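Please treat every number below as a calculation from the coordinates, not as lab data. Computed from a predicted structure; not experimentally measured. Reconstructed Cβ throughout: ideal geometry from the backbone, glycine too, with neighbour counts over all protein chains shown.
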């Protein structure tokens, strides 16, 4: 979100994870790695003397040590107060105000909406039902549905989610691969990255090979999109969906 508003952070926790799982907007080359998201390097952070620390707290990370280093701006995504896309818009405005980038925040909101609308137009007459999944092993998938940012984008593009089952508070369900039989021959969109050893085992899995969607050749992988991200992730996802047409 910070990068989307035109500011380069001096440091970020888990830069490798960001580059693998979020990808865009691209991290600046000189951005320092603070270590893991769960245990960032507070000593390095103290040495950097930041003007502001932004973070998603409330998931096991204690705010107190960070508040002693610099002013803290919390980004409470997925707190259940509203749909993820609308919350992303609201939090973008709040962050823009905090950073003195109100105009950039409003522009980002408008630009994202326009990108999704353009993607919707490119799908005219071709928006068949699909399911969006992440694969972490050869026997389980994470499928995204109601309450997820990805579902909000599907809705705005007029695409039916083939998965209508229950989801958790983060908008996904983890289930056995065999349960994908419920979507029949609907398109499956799989988010990269898929670990190489998982790809190999999936290719050798008779369970996977016998799913109707796989038999019908309806499985497509797309580049990484952070499913729990903000407006940049929403726009990125919409663009990849439009490219499937």
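Before moving on, here are some points about what is shown:
- Scanning region 56-76 for residues that are outside any loop (DSSP other than H, G, I, E, B) and free of Cβ contacts under 8 Å to residues at least 24 places away in the same chain gives 64, 65, 67, 72, 74.
- The residues of region 77-89 that are surrounded by 15 or more Cβ atoms within 10 Å (Cβ to Cβ) and outside any helix (DSSP H, G or I), listed by number, are 77, 78, 83.
- The strands (runs of 3 or more DSSP E) found wholly in region 139-236 and carrying at least 1 residues that are buried (at least 22 other Cβ atoms within 10 Å of the Cβ) occupy 140-144, 172-176, 187-191.
- Conditions (1) more than 23 Å from residue 16 (Cβ to Cβ); (2) without any contact (Cβ under 8 Å) to a residue 24 or more places away in the chain; number of the one not met by residue 199: (1)
- Every condition in (1) closer than 21 Å to residue 241 by Cβ; (2) in contact with a helix residue (DSSP H, G or I) (Cβ under 8 Å, 6 or more places away or on another chain) holds for residue 212 except the one numbered (1).
- When residue 24 is tested against (1) touching a helix residue (DSSP H, G or I) at 6+ places or on another chain (Cβ under 7 Å); (2) over 25 Å from residue 150 (Cα atoms), only condition (2) is not met.
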